[in-house]
Each structure stands twice: as structure tokens, then as C-alpha cells.
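Peer 1: Here it is, the structure in full.
Since every read-out is calculated from the coordinates, none of them should be taken as a lab result. Keep in mind it's a predicted model, so treat the numbers as computed, not measured. Glycine also receives a Cβ, built like all others from the backbone with ideal geometry; neighbour counts cover every protein chain displayed.
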Amino acid sequence: MESLTFRHTTQKPLPGSVPSAITGVVASGNLEVLLERVLPPDACEVAIETPVTGYAAVWEAVVADFVARAQPGGLRISINDGGARPDTVSLRLRQGARLMEA
Amino acid sequence: MSPASTDPSALSWYEASARQRVAALADPGSFREFLPPTARRTSPHLPLFDLPRAFDDGIVVGRATLDGKPVLVAAQEGRFMGGAFGEVHGAKLIGLLRAARDLKPAAVLILFDTGGVRLQEANAGETAIAEAMRAIAELRAAGVPVIGLIGGRAGAYGGGGLIAGTCSRLAVSEGGRISVSGPEVIETNKGAEEFDSRDRALVWRTMGGKHRRLIGGADAFADDTVAAFRAAALDLIARAPAFDLATLEAEQARLEARIARFGDCRDATEIWARLGVNDPEAVPAMTTAAFDETVARVEEAHHDAR
Amino acid sequence: MTLAEILASLFPQGHRVRVADGLVGGHGPLDGVEATVIGIDGDTALGIEGALALSRAVLDAVRAGDRAPILVLVDSDSQRMSRRDELLGLNECLAHLAKALLLADQAGHPTIGLIYGHSAAGAFIATALATRVLAALPGANPSVMDLPSVARVTKLPLDKLQEMAKSTPVFAPGLDNMVATGAVHAVLDPARPLSEQVRALIADAPADDVRDRLGAERGGRPVARAVAEAVADEARLEARRG
């Protein structure tokens, strides 16, 4: 297993007031994303546990892209990965953010 | 913590996640989860095997209302480790069943979706299954119906099949399978001539929802929608049998009669023919409405002591 | 110990326990009452007919209403793995046997399991694990699955699994690990009369299911007890909130 953590500063907080949400399932080619509104409004942390080692650079890029687009300020995001492809990761992150904005 | 609930009459039980099933099964907005993912009660053992954990260890437990009545609910996630019983997964179910003993809800609902015991935590899983069966027997004796709903992709296999057999009542859909040894296990141990696990039609005939319903192994057959399972659950809660000597004597007689009558049958279609089903070959493709009519004419399907 | 030796040690005054097709059944005097004995001998797999024969004996005992002990002696294979057993509802038959034992327990019969050989999976759950107190004799070998099979399913090398098994009782087969998990309450001493030891087990039988507490104390199930309590606590708290 490999653990990765990425910390970002955002320009704004994620809208909405949902305290936490989860989306996805830990399964082959899939992942679960747990989002919690527990950080300062300009901070976002993404922690990943993955059984597939050696893809830190890909994760970093996918997370950076998500943070830039969604501006998920205030969120701690925890990922349990089952070996998902980057597009699936992006999709789940966006789904998760939408649940938090409700 | 739950995703936005979806229209229960449009949501496929088979395709839905455990969380989606619970949210759509319960009265809207009524579900409250115990030890939710934010509690991070994950398996302490899976990292040893280099396997990813899930924040809920593959089971969602909590309380809700069903038609306004309080119920406790457990839902297994069949896509995480095959919905199998590990230490935390099993303990969450046990905790729920023990709480039910004090709280006396209108029912406990178990949404099975499991391949049985999680091998990486086999001893804990096996023991938890025994604990669950004991707790269910105690709950039933205390008058709390325990209703099993089976229609997930992992079915109710292994110890899951035994827990299901301990419940007061079971609802099953076409895709739900109930069995102890799975097809692959039988094939691995006894050979493909005993059970060809790739023959999906054979798997469904032998272990699937329609066969279980026809022989009285389940009490309701539901369409593959959350709304259908909700309706079945409400109906079954109202006609849960007592857990006493009379019920178990009747079940003993029911099962002995089944073996006496069908013990020489090699295939489910032979059993269905002997049950009086006019066109047994047509059963797998029957619509729910047609199947319900067929069931209504089969006496064995209504021998429901369990 | 062989089954004959076990029965002789349990019933020094003699007994009426017979074995047929691997199924054990009969009675023997214990503390002035006729205990019921059921079981599986000779590493026999438990199928639908066997399960119903054993459950019949248990229900007969319950109907007698004498609250006499029921002893479940086990040296079995796993459940019988066949298409026919599953076709005819093996899950119902095994669950029915377990329910019969659980009903007997509720009706006041002490239910004591004794594993003296192998047992596994569904056969183990439906018999020994459905008793209130499960004891074992040294050399017993309960398992869910043997390590070579675990290696096949988990795709881990056997030598690595054997190494892991030394420090992680939660998955490894064998009596010590089932004791650590809390599934087996006690290991008996074959050098002392089993009648006395079983009498003590009956006298000390816990009122509740203590297996997860034992598992926590013995280290074989480090978190189950705490998780179950946490769920139950949250459930009671939520109920008070209404």
C-alpha cells in the first residue's frame, strides 16, 4: 500500500454546508471518496491510500486539476483506492464535491 | 452521509450500492448511520495483505423509519471484498442486533450482499456469523422480526446463507442467490461435472430467487427495484413467525418433506415440474406477475415455517 | 482422543450413543439426568439429511422439556459440497440445525460443544458454534479454510502466509487461533475425566454471548468487541433522541 497526501490552498471555500459525504465503493477499478468540511475555508487536503504503487505524479496531477476547478476550500478528502483509472478518480472527486454543495 | 436518495421505483436493487439501497428503502431522510465512514472504523487486518480498506468495512448500519415505524437496518456492500464478513464488518452487525434487543424496533432489516467469510479475517468472520445467528434467535424470541432482503450481486453465500436461514422472513429477487457453497467452490472441490460454475443458467436455477421462492426457501419474490423490496419488507414484517418449538417442528417437517419428495431430482426444472408448474422451462424467463401467479398455485411455496 | 474414549470419559456409567454414517446420536447419564448427545464423527461432511437427523434429535430433547444438557461432539469435514445439497436448500437445513440448538438453549438446556477433530465452515457454524459453550480437546483442528487454499484465493505465497499466521491469529487455521478469536471457550484436559470438566462448563456457562469479549482479552479479535459496543451505544443514544 502507498499513502499519499496533497495539501492545497484554495481561493475560496466550497459552497454549501453539508458536513460530510461519501461516494464510490472500494472495488477493482473503483474508489471511495470521503469528504469532510473540517479545514479552514482556504485549505484542502487530499489523502490517498492505494494498493497500486508508483503513480504519485499521476495522483498529484489529478488532485491539482480537481482543486483548481472545484475550489474545494475547507475540505479534507480521504480516498481509499481500489486501482481506479485517473478519469474515474476525477469523476468521483467531482461527484463528491457536488454532494457537499447540496 | 447518504447520497441523495433516488426514486425507489426506478432504482435497481442489484445495481445500487448499499448506501443507495438503504437511503431509498427507508422513509425519505429518515436514515441515521451508526459508526459512519467519518468514524473510520476500518479493518485492522487488510493492510497486512496489502489490500485497500473501506471506511465502513463494507457494511452500513443504522436506524430509520419504514412507514413511520422505527427499524434498524444493516446493508452489506457486495462490491467491497465481495461483501464478506471481516472482524469490523461482522461486529457492526452484532452491535446492531444487540441494540435491537433493548430497543425493540418494529423490525431489523438485513440487506444481504455477501460471499460469506472474508478469508483474510476468516476466524473473526466465522465467529461473527455464529454470533449473528445467536443474536437473531434471541431477537426473534423477544418478538422482534428479522427480515432478510436478498437481491445484490454477491447474493447470500456461505455463512450469509446460514444467517439468512435464521431470519424470520426472506424476500428475494431474480438476481438474488442463496446458497452455502458457491458454484466456484463446488467446482473447485468436486469438479466441473458436479457443478459447472460458468453455466450461469444452472447457477440461477439451482440457487436463484425463483427456485428459492418456489420451494419455500424464501417468502416473497420481489422485482429488482428498491420499491419492490420495500413493499415486500413491510408485508413480511406483518407476518413474521414466532421463534418457538412449534415453528421449528413445522420447519423440520417442511424440510423433511422436501427431501422425501424431491431428493432424487437432479435439476431444479424437475422439482418445478413435480411442484405442478405447467411449463418449468419457462420459469427463468417469466415476468414477476406471471411468476407470482405460478407461485400462488404451488402449495410448497406457502409452507413458510422458519 | 477417539469418540469411543470421549464417550467413555463423559459417561463412566455407560451410555447409549451410536454412530451411523458419521452421525452421532443417543443419550447418556450426566448428573442424574439423561443428556442428549448429537454429533459428527470421522471427518464427515454435513449435508441436508445429516443436518435434519441432528436437528430432529435436538427438537425431541426440547419437546421432552427436561432441560437436560445437550452435548454436540464434532469431528467433521465442512458442509457437503454438492449441487444436490444446494438445490434442496442446504442453507435452510444447516440454519435449522443451528436454530434448534439455539431454541434448546433458550428453553433451558445447557448446550455444550466439544470439538475433538476437524471441523470447518458451514458444518462448524451449524453445530459446535451454535452451542452456548464450545470446548475443544488438544489436537482438534477447526478451520475456515486451510492455508494452501487461502494462498490460492488471496494469491499470496504460502510461505508468506505461514509467516503471517504466526503473528495474526485472525485468519490462520487451527485450534489456538480459534481459541484466541474467542470461538472456543476452553481446551479440556484429556488426562482428567471429561464428565467433571463438562459439569464445570455447564455450571460456569456465561449468561450472554461472551465470544467477542474473549477474543479481545485473548488478542485474536482485537476490535470486534469495541466496534459492537460502539454501534450499540450509538443506537441507544439515537433512540433516546427520538
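Peer 1: Quick one: Debye curve from the alpha-carbon atoms of the stretch A:12-102 only, equal weights, vacuum; give me log10 I(q)/I(0) at q = 0.14, 0.18, 0.22 Å⁻¹ to two decimals.
Peer 2: -0.43, -0.71, -1.04
Peer 1: Now a separate question. For the protein assembly as shown, how many pairs of lysine residues have a Cα-Cα distance under 29 Å, where the two are 8 or more positions apart or belong to different chains?
Peer 2: Lysine pairs satisfying the spacing and distance rule in the protein assembly as shown number 14.
Peer 1: Over chain C, what is the mean sequence separation of C-alpha contacts under 8 Å (at least six apart), divided by residue count, expressed as relative contact order in percent? Kindly include the intermediate steps, with their values, before the conclusion.
Peer 2: Values: 455 pairs, mean separation 36.3, N = 242.
It comes to 15 percent, rounded to a whole number.
Peer 1: Sticking with the crude label model, points 7 Å out along Cα→Cβ, report the distance from C:GLN162 to B:ALA260 in nm, one decimal please.
Peer 2: Placing both labels 7 Å along Cα→Cβ, they lie 5.2 nm apart.
Peer 1: Here's another thing I want to ask about it. Along the Cα-to-C-beta direction of A:SER28, a point sits 7 Å from the Cα; which residues of the stretch A:77-102 have their amide N less than 20 Å from that point?
Peer 2: A:80-89
Peer 1: Mind jotting down a quarter of the surface of the convex hull over the alpha carbons of the stretch C:3-135, in square nanometres, one decimal? Intermediate results must be reported in sequence, preceding the final value.
Peer 2: Values: hull surface 28.2 nm².
It is 7.0 nm².
Peer 1: Now for a different question. Which of B:ILE163, B:ILE150, B:ILE271 moves the most in a Gaussian network model of chain B with Cα springs under 10 Å?
Peer 2: Greatest mean-square fluctuation among the candidates belongs to B:ILE271.
Peer 1: Then there is this: Taking the simple approach of a point 7 Å from Cα along Cα-to-Cβ for both C:ALA186 and A:ALA56, what is their distance in nm?
Peer 2: Result for the modelled spin labels: 5.6 nm.
Peer 1: Additional query: Rounded to the nearest 5, what % of the DSSP beta bridges within the protein assembly as shown are antiparallel ones? List each step's numbers first, then the result.
Peer 2: Details: 45 of 92 bridges.
If I count the DSSP bridges inside the protein assembly as shown, around 50 percent turn out antiparallel.
Peer 1: Tally the DSSP beta bridges in the stretch A:2-101 and give the antiparallel ones as a percent, rounded to 5.
Peer 2: Values: 19 of 25 bridges.
For the stretch A:2-101, the DSSP antiparallel bridge percentage is about 75.
Peer 1: Rounded to the nearest 500, what is the 222 nm mean residue ellipticity of chain B from helices alone, with -39500 (n - 2.57) per DSSP H run of 4+ residues and division by all residues?
Peer 2: On the way: 11 runs with 119 residues, N = 306.
Result for chain B, helices only: -11500 deg cm²/dmol.
Peer 1: Using C-alpha positions alone, give me the convex hull volume of the stretch C:1-59 per residue in cubic angstrom. Before the final figure, lay out the partial values.
Peer 2: Working: hull volume 4.1 nm³, N = 59.
Once divided by residue count, the hull of the stretch C:1-59 is 70 Å³.
Peer 1: Where the centroid of each part is defined by its Cα atoms, how far is the stretch B:125-157 from the stretch A:24-57 in Å?
Peer 2: So the two Cα centres are separated by 33 Å.
Peer 1: So, R0 is 51 Å and r is the distance between the beta-carbons of C:ALA20 and C:VAL210; what FRET efficiency does that work out to, to 0.05? Before the final figure, lay out each step's value.
Peer 2: Working: r = 35 Å, r/R0 = 0.68.
Step by step, r from the Cβ atoms, then E = 0.90.
Peer 1: Shape call for the stretch C:168-242 from the C-alpha gyration tensor, a ≥ b ≥ c root eigenvalues: rounded (a/c under 1.5), prolate (a/b greater than b/c) or oblate? Could you put the intermediate results ahead of the total?
Peer 2: Working: a/c = 5.22, a/b = 1.74, b/c = 3.00.
Because a/c hits 1.5 or more and a/b fails to exceed b/c, the stretch C:168-242 counts as oblate.
Peer 1: What is the Cα coordinate range of the protein assembly as shown on the first, second and third principal axes, sorted by size from largest, in whole angstrom?
Peer 2: Projected onto its principal axes, the Cα set of the protein assembly as shown covers 86, 60, 52 Å.
Peer 1: Between B:ALA289 and B:ARG239, what FRET efficiency comes out of the Förster formula 1/(1 + (r/R0)^6) with R0 = 25 Å and r the beta carbon distance, rounded to 0.05? Mind showing how you got there, number by number?
Peer 2: Numbers: r = 21 Å, r/R0 = 0.86.
Calculated value: 0.70.
Peer 1: Can you check what the Kirkwood hydrodynamic radius comes to for chain B, Cα pairs only, in Å to one decimal?
Peer 2: Values: mean 1/r = 0.0513 Å⁻¹.
Over chain B, the inverse of the mean reciprocal pair distance is 19.5 Å.
Peer 1: Could I ask something else about it? From Cα pairs below 8 angstrom and at least 6 apart in sequence, can you work out the relative contact order of chain B, rounded to a whole percent? Write out the running numbers ahead of the final one.
Peer 2: Details: 609 pairs, mean separation 46.6, N = 306.
This gives 15 percent for chain B.
Peer 1: Give me a single rounded figure for B:253-261: the average over its residues of other chain Cβ atoms within 10 Å of their Cβ.
Peer 2: Working: counts 0, 3, 9, 7, 0, 6, 8, 0, 1.
If you average over the peptide's residues, the count of other-chain Cβ atoms is 4.
Peer 1: Here is a further query. Hey, quick one: spin label on B:LYS69, modelled 7 Å out along Cα-Cβ, who in the stretch B:213-236 has an amide N within reach, i.e. under 13 Å?
Peer 2: B:231-236
Peer 1: For chain B, set up a GNM with springs between Cα atoms under 10 Å and report which of B:ASP56, B:ASP235, B:ASP199 has the largest fluctuation.
Peer 2: Between B:ASP56, B:ASP235, B:ASP199, it is B:ASP199 that shows the largest mean-square fluctuation.
Peer 1: In deg cm²/dmol, rounded to 500, what helix-only [θ] at 222 nm does chain C give when every DSSP H run of at least 4 residues adds -39500 (n - 2.57) and the total is split over its residues?
Peer 2: On the way: 11 runs with 114 residues, N = 242.
So the calculated ellipticity at 222 nm is -14000 deg cm²/dmol.
Peer 1: Quick one: Kirkwood hydrodynamic radius for chain C, alpha-carbon pairs, angstrom, one decimal?
Peer 2: Working: mean 1/r = 0.0532 Å⁻¹.
For chain C, the Kirkwood estimate is 18.8 Å.
Peer 1: Over the stretch C:107-171, what per residue volume does the convex hull of the Cα atoms give, in whole Å³?
Peer 2: Value for the stretch C:107-171: 103 Å³ per residue.
Peer 1: Now for a separate question. Under a point spin-label approximation (7 Å from Cα along Cα-to-Cβ), what is the B:ASP196-A:ALA68 distance to one decimal in nm?
Peer 2: Placing both labels 7 Å along Cα→Cβ, they lie 5.5 nm apart.
Peer 1: Okay, moving on. Within 15 Å, Cβ to Cβ, of C:HIS15, how many net charges do the neighbouring residues add up to if Lys/Arg are +1 and Asp/Glu are -1? Provide the component values of the computation, followed by the final result.
Peer 2: On the way: positive: C:ARG16, C:ARG18; negative: C:GLU5, C:ASP31, C:GLU34, C:ASP41.
So the environment of C:HIS15 carries a net charge of -2.
Peer 1: While we're on this one: Regarding the stretch B:177-306, what is the average projected area of its C-alpha convex hull, in nm²? Walk me through the numbers on the way to the answer.
Peer 2: Values: hull surface 35.5 nm².
Across all orientations, the stretch B:177-306 yields a mean hull projection of 8.9 nm².
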